[in-house]
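Have a look at the structure below, then the notes.
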Amino acid sequence: MYLYKFLLGLLLTCITVTVSANSVRNVELLASSCAACHGTNGHSIGGTPVLAGLDKLHFIEQMRQFTENERPSTVMYHHANGYTVEEIKLMAEFFSKQER
């Protein structure tokens with residue numbers, strides 16, 4: 001019985017680590033799609049907003065405004081609508097951890 005519980009716990013730990021590793025790879029891929037306009041890891045050098053170091057809730061709110069067509073933009077409405085709520089949260093977390 002103890003061996004069963006140990007093996008089950010080990011299996012759940014492995015699944016959690018795998019899901020976490022996949023989330024990290026997924027968010028890095030998602031963030032890389034922003035690089036063309038917002039720079040690598042959100043470090044914009046052009047006229048587009050810097051995403052690096054941006055507050056998570058601010059990022060999420062801006063994306064919500066784009067998806068709801070409340071904030072005018074030439075392309076962000078289309079980009080923002082391509083992400084799930086979970087993906088937006090992952091990107092918000094990612095960009096908030098980048099140093100300005």
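The values are calculated or read from the model by the stated rules, or taken from the named source; none is laboratory data. All of these numbers come straight from a predicted model, not from anything done at the bench. Using ideal geometry, Cβ is built from the backbone for each residue, glycine included, and neighbour counts are taken over all protein chains shown.
So the values come out like this:
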read-out	value
Test: V17 is modelled with pLDDT under 95 and closer than 16 Å to V85 by Cα	no
Filter result (surrounded by 16 or more Cβ atoms within 10 Å (Cβ to Cβ) and assigned to a helix (DSSP H, G or I)) within segment 88-100	I88, K89, L90, M91, A92, F94, F95, S96
When residues of segment 35-85 are limited to those that are basic (K, R) and not in a loop (DSSP other than H, G, I, E, B), the one surrounded by the fewest Cβ atoms within 10 Å (Cβ to Cβ)	R64
Candidate set: segment 38-52, residues that are under 13 Å from the mean Cα position of the chain (by Cα) and of a type outside the set (A, V, I, L, M); chosen: the one farthest from T74 (Cα to Cα)	N41
Inter-residue pairs, beta-carbon under 6 Å, first over 21 Å from K97 (Cβ atoms) and modelled with pLDDT of 95 or more and in segment 50-75, second assigned to a helix (DSSP H, G or I) and of a type in the set (S, T, Y), 6+ apart	F66/Y77
